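In what follows, a single structure is set out as structure tokens and then discussed.
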Amino acid sequence: MPRRLIDFHAHAFPDAIAHRVIDHLEQQAGGLKPVTDGTLAATDAIMRKWGVSHYVIHNIATRPDQQQTINDHAAAIQNGRIFSFGSVHPDAPDALTELTRIKSLGLLGVKLHPDYQDFFIDETRMDPIYAAIQDLDLIAFFHTGYDPISPGHLHSWPAAVARVRRRFPRMRMVAAHVAGIADKPE
């Protein structure tokens, strides 16, 4: 079998907004420069150049009204080389319904970003969302640890991730970036 290189955490945005999103993220990131212009074409070109055979795109619903548009786009770009995670916003009144739709769209899971979505990973208001993710057998992909948008305020430190794991032992979880941050004092 040929060797495969898979990037499990990539970002690309619809062409119409990619430039605005990249500009905003660059300002938030404290001087970090993006490798591409944020479009799918540029992302795919760099992945091919680097020998990446498959990759997973993650986008975030930063407002409750963005869920469906983001998830429709995520489903539309999947092609056997590109896979996508959907997103729900914790404050969306239809978040649980949207999780079922994410499953029906064939998306791999759900990307949640506590900093951009303003929640703590272990707060109990998230439990219905986590229960649905677990019951639908989706993957919960969390941005964890430090983020430049809230540098003095960790929304998802390792001990909090462990608490979620204990409450939802069957939920498949990915805790991106968790190893780079020291645990928040209890």
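The values are calculated or read from the model by the stated rules, or taken from the named source; none is laboratory data. Predicted model only: the values in this text are computed from it and were never measured. Here Cβ is always computed from backbone atoms with ideal geometry, including for glycine, and neighbour counts include all displayed protein chains. Just so you know, the surface numbers come from the protein's heavy atoms only, side chains and all, with ligands and any DNA or RNA stripped out. Shrake-Rupley method; radii C 1.70, N 1.55, O 1.52, S 1.80 Å.
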Study note, to complete from the structure: Here FRET efficiency (C-beta to C-beta, His177 to Thr62, R₀ 22 Å, nearest 0.05) is 0.75
Check your understanding: Rank Thr39, Thr69, Thr144 by accessible area, highest first, at a 1.4 Å probe radius?
Key -> Thr69, Thr39, Thr144
Point to revise | Principal axis box of the range 20-101, alpha-carbon based, largest edge first, Å | key: 41, 34, 14
Practice item. Note down the accessible area of Ile70, probe 1.4 Å, to the nearest 10 Å². Key: 30
Check your understanding: Leaving out ligands, DNA and RNA but keeping every protein chain, what accessible area does His9 have, in Å² rounded to the nearest 10, with a 1.4 Å probe?
Key -> 50
**Study point:** For the chain: span of alpha carbons on each principal axis (Å, largest first)
**Key:** 43, 39, 38
Check your understanding: Under a plain spin-label model, where a point goes 7 Å from the Cα along Cα-to-Cβ, how far apart in nm are Ala41 and Asp72?
Key -> 2.2
Practice item. Could you size up the charge dipole of the chain around its Cα centre, putting +1 on the beta carbon of Lys and Arg and -1 on that of Asp and Glu, and report it in debye to the nearest 20? Key: 780
**Study point:** Dipole of the chain, positive direction: furthest Cα of Met173, Leu5, Phe119, with charges on the beta-carbon
**Key:** Leu5
Check your understanding: So what is log10(I(q)/I(0)) for the range 1-61 at q = 0.12, 0.16 1/Å, when the Debye sum runs over its Cα atoms only?
Key -> -0.32, -0.54
Review point. Relative contact order of the chain: what whole-number percent is it, with Cα pairs under 8 angstrom and at least 6 residues apart?
Key: 16
Exercise for review: Quick one: accessible surface of Val52, probe radius 1.4 Å, all protein chains present, in square angstrom to the nearest 10.
Suggested key: 10
**Study point:** Contour minus Cα-Cα distance for Asp94 and Ala131 (0.36 nm per residue)
**Key:** 11.8 nm
